[in-house]
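See below for the structure under consideration.
The values are calculated or read from the model by the stated rules, or taken from the named source; none is laboratory data. Note that this is a predicted model, so its numbers are computed, not measured. A quick note on method: Cβ atoms are made from the backbone with ideal geometry, for glycine too, and the neighbour counts reach across all protein chains shown. Note: areas computed on protein heavy atoms with side chains; ligands, DNA, RNA excluded. Shrake-Rupley method; radii C 1.70, N 1.55, O 1.52, S 1.80 Å.
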Amino acid sequence: MKILVTGAAGFIGSKIAYMLASRGDEVTGLDNINDYYDIRLKLGRLRQLGIPAQTLDDVAWGKMVESATLPGLRFVRMGIEDKESLDGLFASERFDKVINLAAQAGVRYSITNPYAYLTSNLVGFLNILECCRHYPVQHLLYASSSSVYGLNVKAPFSEDDKVDNPVSLYAASKKSNELMAHSYSKLYGIPSTGLRYFTVYGPWGRPDMAPMLFASAISQGKPINVFNNGDMIRDFTFIDDIATGSIQCLDQPPVAEKCPNGVPFRVYNIGCSNPVKLLDFIHEIEEALGTKAEMVMKPMQPGDVYMTYADTSRLEQEIGYKPCVRLHEGIQEFIKWYQSEKNPL
């Protein structure tokens, strides 16, 4: 199977690309390697994929690079907002399936840098849809987000809940992706699946997210900011469970006859469905590091929500998804990586 994975230098994308290549798929990874966060982490993930990348100069724009360790895996530095280059890639490669994980991430970043989200999350996603239209694929899998639930107060969050009250532009852009995908599935018969990812953690995670921020500060004896005075609940899900579930979805495209209104389109929650209190999460990191945290209690930040809690029953019933890594095990694995030489930061 010939598969394109965009956002392949990202946290989730690099793991999925590795797992697909390891099982024998022909994988092309794509990423623009932007500097939203420390690129040393992105280059390190690429090295895990067998792509020689010590510095950004080692990864030239538009040049296809073969993996040294994973047969069938290649990487190209490219942005999905570059319509001409993306169209040329689709024309030459004729992918069977596409996983679009390339996006401008970050809820809080969208408050101060709104235009970055229009370029990547809307224009870039439109380019992906147009390429899937003109060079037909068997399945388009794309990243949505739990943030689409916005001010929803009913828990757990169900795919049937209303998602028309976002509290950040990031959330609005992800809901827009779902609407755009539905229209292309209806108009052009493109089978598409959106995954509403809940809070993902584990080795090689993003440095702007709570696990890395907490681990870094606590291990250095620095205080950590705890928002909403610690009264927050998150559905933390280990990266291996997320990647496995994503690939399970990729392998099972929606069939028009089994979907509402005959449109080959689905949206699923993908999380752990076992939310924990933020203070309990911090305690697990403290225990793994063997160090107590100095906490600075802060008010709720703009764009944040009190709770995320995934109802994953639909994904379990229709796809067979079942997360298996408990929080204690996952944090131990994360801290083991964090303190190892593999961590480039």
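Summary table
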| read-out | value |
| --- | --- |
| Reachable lysines from Lys292, criterion Cα separation under 16 angstrom, eight or more residues apart if same chain | Lys222 |
| Euclidean distance of C-alpha centroids, the range 136-156 and the range 239-295, integer Å | 11 |
| Residue-averaged 222 nm ellipticity for the chain, from DSSP H runs of 4+ at -39500 (n - 2.57), nearest 500 | -10500 deg cm²/dmol |
| Tensor-based shape of the range 200-242 (alpha-carbon gyration tensor, a/c under 1.5 rounded, otherwise prolate or oblate) | oblate |
| Cα shape, the range 102-186, gyration tensor, a/c 1.5 rule | oblate |
| The range 46-165, Cα convex hull volume normalised per residue, Å³ | 165 |
| His283 accessible area, 1.4 Å probe, all protein chains in place, Å² to nearest 10 | 90 |
| The range 189-226-the range 1-80 distance, computed between alpha-carbon centres (Å) | 20 |
| Cross-link partners of Lys83 among lysines (Cα-Cα below 18 Å; sequence separation of 8 or more within a chain) | Lys63 |
| Relative contact order [Cα under 8 Å, 6+ residues apart], the chain, whole percent | 18 |
| Cα gyration tensor shape for the range 290-345, rounded if a/c is under 1.5, else prolate or oblate | oblate |
| Cut-off 15 Å between beta-carbons: net charge of the residues surrounding Leu195, Lys and Arg +1, Asp and Glu -1 | -1 |
| Reachable lysines from Lys154, criterion Cα separation under 18 angstrom, eight or more residues apart if same chain | Lys162, Lys277 |
